[in-house]
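Data block below; observations after.
No lab work stands behind these numbers, since they all come straight from the coordinates. Keep in mind it's a predicted model, so treat the numbers as computed, not measured. Counting neighbours? That spans all protein chains shown, and the Cβs are built from the backbone with ideal geometry, glycine included.
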């Protein structure tokens with residue numbers, strides 16, 4: 001894997017989401033006529049987000065030489081559900097995408113545990129050396145986190161305004177993920193392989 005400036009990497013990873021947020025906030029009370037069809041601000045922001053995410057994901061792949069399974073799956077689902085939202089002029093498809101992504105990850109992690117194969121350890125073990133028991137605990141917690149995020153996304157988009165959902169998606173989800181990893185700092189320290197070797 002090629003080394004990339006962390007700021008460039010962060011810009012490519014989070015830039016499309018921030019752009020979606022900005023376009024939506026500017027256009028949320030407006031409509032745009034394209035090809036004889038009227039689109040609301042949410043769909044217009046989605047129209048911009050999908051190709052920008054595809055371009056930044058491609059740029060990340062060119063710069064780093066690899067993409068994670070999560071990045072590939074996210075791109076595929078964004079293209080499919082974002083495309084359906086634009087094609088059918090129905091924002092519900094795009095709002096369902098995070099639910100599906102989080103449900104898939106919760107299911108995969110749960111299935112891995114049931115089969116006694118820790119796929120999270122397989123993917124992240126090199127970057128975060130930890131005893132197997134630590135990985136099992138982290139995997140259980142992450143499966144529950146993803147399940148909770150799927151339920152939360154469904155609740156927010158079905159019961160709240162577009163603005164509330166966009167704020168939740170742009171700021172709420174990253175904050176929850178950050179808080180989760182901070183809350184698990186003790187687990188990382190307790191099961192770190194370096195401690196065992198010392």
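What to note about this one:
- Remark: segment 16-69 is approximated by an ellipsoid whose semi-axes, taken from the C-alpha gyration tensor as √(5λ), come to 28, 12, 7 Å, largest first.
- GNM flexibility winner over the chain from 105, 42, 180 (Cα, springs under 10 Å): 180
- Selected from 128, 75, 84 as most flexible by GNM, with the chain as the system and alpha-carbon contacts under 10 Å: 128
- Highest-MSF residue in the chain out of 34, 104, 72 [GNM, Cα springs under 10 Å]: 34
- Computed over the chain, the P(r) tail beyond 30 angstrom holds 28 percent of alpha carbon pairs.
- Taking only the C-alpha atoms of segment 98-198, the Rg (one decimal) and the largest Cα-Cα distance, Dmax (whole number), read 15.5, 53 Å.
- Residue exposure proxy: 46, 37, 56, ordered by other Cβ atoms within 10 angstrom of their Cβ from fewest to most, comes out as 37, 56, 46.
- Note: segment 1-90, Cα convex hull, 84 Å³ per residue.
- The alpha-carbon atoms of segment 111-158 define a convex hull whose volume equals 79 cubic angstrom per residue.
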